[in-house]
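Trainee: Let me give you the structure first, and then I'll get to my questions.
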Amino acid sequence: MDNENKNKRISSSEEKEIAEKEALELRLKKESANEAAIASGDFTDFDDELEAEREEALKEQVALNDKDIEPDKDAILEVRHLKKYFVLKKTILGKPISSLRAVDDVSFIVKPGETLGIVGESGCGKTTMGRTVLKLYQPTSGQVFFEGVDVAGMKEKEMRALRTKMQIVFQDPYSSLPPRSTVGDILAEPVKVHNIVPKNEVKDYVLELMESCGLRDYYYERYPHEFSGGQRQRICIARALAVKPKFIVCDEPVSALDVSIQAQIINLLKKLQIERGLTYMFISHDLSVVKYISDKIGIMYLGSMVEFGKKQDIFSNPLHPYTEALFSAVPNPNPDEKTERIVLTGDIPSPANPPKGCKFHTRCPKCMEICKHVAPEYKEHEDGHFCACHLYD
């Protein structure tokens, strides 16, 4: 009886080994077939799921290899393979089944005194990326180096010391200010918490800060509801500057304001940057504003950076079809000069279920067959000009 059970166990283990071997051989055949399809351009029997698995494994391997590379000494902020996924469904044991990929493998470098403009449609992950860089959201994976230190894995207590160096100006000046506190209290609180100046000098420091942001001294005792949108945004900027930061994320700071007030806020940000040596990440929909204030520009689509480079390179020579479509939507002030509008059909796909291959292929006017099956590699095509598109392979 014992021998029979032993033989059964041996036979079942052998069957398992044979099944695993056959599965491996089948996978290798499919991989070879996929490679041949890419080389020939015939995607009739292409296995999209297998290609997606291969791409994901390759991304993880590249991120693992890059972990050993020293951060750029000249950069104030270096982001490597940053991911932020929001779990939608879990198993009973807590294992994620499906996730929303808000930020998916984003990398870039910002040097001190620069302004990085981030552009993209609503829902592409701009705000989430800005908040994840500041650790307001915990990154799913990746590295965020601030002044050479990786903050991605830091705990709240360790981050507290860095909060004075990294700040944010929120999009909505109406909801980001506490309604029951006066302007003086709002600006004084972070100064007191982080011991920026001695207690007896706090009021003078706040009044000086208000003056530098274009706020009158008699606003000190007023409440947020007594101000206009532009004045509230000035208060938000003053609050961010209260702790003497080096890096500020400006999350669409002028989108809720009218055009004349927008110009005042942008000029204020430029003035403060020169006076205080600030570095900005400026998130916006308005390309004309981004062109005016930015040194570098990143174009985001569905959680991924599709193009990145210096402002002059991006505007004079946009490489990605999505960038071209965005620029074509900007009105031309010259009535004699006609520009062809590139109209994108369809809505932006869900980041919870992104398309296979290139994420933009469902709306791209230059879509090729390979775009529907294979994700393009994000790489440098010119000096400091990165793009993810099969047109340049």
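The values are calculated or read from the model by the stated rules, or taken from the named source; none is laboratory data. The structure displayed is predicted, hence computed values, not measured ones. Cβ sites come from the backbone with ideal geometry, for glycine too, and all protein chains shown count toward neighbours. Quick note on the areas: whole protein, heavy atoms, side chains included, nothing else; ligands and nucleic acids left out. Shrake-Rupley method; radii C 1.70, N 1.55, O 1.52, S 1.80 Å.
Trainee: What are the residues in the stretch 250-266 that are in contact with a Gly (Cβ under 7 Å, 6 or more places away or on another chain), in a helix (DSSP H, G or I) and more than 18 Å from Leu209 (Cα to Cα), if any?
Mentor: Ile261
Trainee: Applying the selection to the stretch 98-113, what residues are surrounded by fewer than 19 Cβ atoms within 10 Å (Cβ to Cβ) and either out of contact with any strand residue (DSSP E or B) (no Cβ under 8 Å at 6 or more places or on another chain) or of a type outside the set (Gly, Ala, Ser) (or both)?
Mentor: Residues satisfying the conditions are Leu100, Lys111, Pro112.
Matching residues to (1) modelled with pLDDT under 95; (2) more than 21 Å from Lys67 (Cβ to Cβ):
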| residue | (1), (2) |
| --- | --- |
| Leu100 | yes, yes |
| Asp104 | yes, no |
| Thr115 | no, yes |
| Gly125 | yes, yes |
| Lys135 | yes, no |
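Trainee: Could you tell me which of the residues Leu344, Leu269 is of a type in the set (A, V, I, L, M, F, W, C) and assigned to a loop (DSSP other than H, G, I, E, B)?
Mentor: Leu344
Trainee: If you don't mind, there's one more thing I want to ask. What is the one condition in (1) surrounded by 12 or more Cβ atoms within 10 Å (Cβ to Cβ); (2) among the acidic types (Asp, Glu); (3) modelled with pLDDT of 90 or more that Glu70 does not satisfy?
Mentor: (1)
Residues are listed down the side, and each one gets a yes or a no for (1) touching a residue at least 40 places away in the same chain (Cβ under 8 Å); (2) within 27 Å of Lys310 (Cα to Cα); (3) among the basic types (Lys, Arg):
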residue: Lys59; (1), (2), (3): yes, yes, yes
residue: Asn65; (1), (2), (3): no, yes, no
residue: Ile69; (1), (2), (3): no, yes, no
residue: Ala102; (1), (2), (3): yes, yes, no
residue: Phe146; (1), (2), (3): yes, yes, no
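Trainee: What is the residue count in the stretch 1-25 for residues that are in a helix (DSSP H, G or I), open to solvent by 90 Å² or more (accessible area, probe 1.4 Å), modelled with pLDDT under 75 and hydrophobic (A, V, I, L, M, F, W, C)?
Mentor: 1
Trainee: Among the residues of the stretch 327-335, are any β-branched (Val, Ile, Thr) and either open to solvent by 50 Å² or more (accessible area, probe 1.4 Å) or over 19 Å from the mean Cα position of the chain (by Cα) (or both)?
Mentor: Checking the stretch 327-335: at least one residue is β-branched (Val, Ile, Thr) and either open to solvent by 50 Å² or more (accessible area, probe 1.4 Å) or over 19 Å from the mean Cα position of the chain (by Cα) (or both).
Trainee: Conditions first: (1) part of a loop (DSSP other than H, G, I, E, B); (2) touching a helix residue (DSSP H, G or I) at 6+ places or on another chain (Cβ under 8 Å). Val306 passes all but one, so which condition is the exception?
Mentor: Result: Val306 fails condition (1) only.
Trainee: Also: So Tyr292 ticks every box in (1) assigned to a helix (DSSP H, G or I); (2) open to solvent by less than 60 Å² (accessible area, probe 1.4 Å) but one. Which box is left unticked?
Mentor: Against the list (1) assigned to a helix (DSSP H, G or I); (2) open to solvent by less than 60 Å² (accessible area, probe 1.4 Å), Tyr292 comes up short only on (2).
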